[in-house]
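Chemist: Handing you a structure now.
The values are calculated or read from the model by the stated rules, or taken from the named source; none is laboratory data. The model shown is predicted, which means the values in this text are computed figures rather than measured ones. Side chains included, ligands, DNA and RNA excluded: accessible areas come from the protein's heavy atoms. Shrake-Rupley method; radii C 1.70, N 1.55, O 1.52, S 1.80 Å.
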Amino acid sequence: MGKRGGYMGGFFEAALSFPAVIFTPLLVVVIGYWLVVIVGGADPDGDGDGGDAGGFLGFLGLGGVPASVVLSLLIAVAWFAALAGGELLGAIPAALVLAGALVAAWVITRLGVMLLRRLMPQGSEPSRADFVGLTGIIRTGRVTATFGQAEVHSRDGSSAIVQVRQAGTDDLRAGSIALLYDVDPDGEFFWVVPADIATSPDQ
């Protein structure tokens, strides 16, 4: 019991000694935060890029994943490196151990962020609704209430051939420019009108 108490006492003494003591309170906050996340009291993805903190992390090459994840990893690694360095490298000045812990934390966290970037989906999934309001070029001989296709260029520069229909009897033939003004999710097609009619000042 005494031996175990000695180990625990030595651990707490090291954790509360410089330079580890700088990161110990931050680590307690990190542990508390993730306990709240586990019980459903917080969303680690909800902080996005973390605002100003996210901009700073991006400057350090640590952007692209939720700021809470990056900061947690950074603090945990810095604390462990400072604790281990202070115990194993007692002959080295504590200030150098602190600097080494910060560098090690940045390197390891950057590697972790790079890995997470590869595993995390990039951006949101494209939606048909994204095409509503865009114009497209009719690629079929005509467009009716039951038939038609158009080539649409999305805002990111990509193009797609989509199914289009019209409610009227406008002369929409191959090469015509049409405006996609609504989408039918069940039929998986877009309602279109001629672009010149849609932009007419009389409309």
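Chemist: Rank these by accessible area, largest first, 1.4 Å probe: TYR181, TYR33.
Modeler: In descending accessible area the options line up as TYR181, TYR33.
Chemist: Note down the accessible area of ASP182, probe 1.4 Å, to the nearest 10 Å².
Modeler: ASP182 exposes around 70 Å² with every protein chain in place.
Chemist: Taking a probe of 1.4 Å, how large is the accessible area per residue of region 54-116, in Å²?
Modeler: Per residue, region 54-116 has 50 Å² of solvent-accessible surface.
Chemist: Continuing with this model, one more query. Determine the order of THR135, THR144, THR109 by accessible area, beginning with the largest, at a probe radius of 1.4 Å.
Modeler: THR135, THR144, THR109
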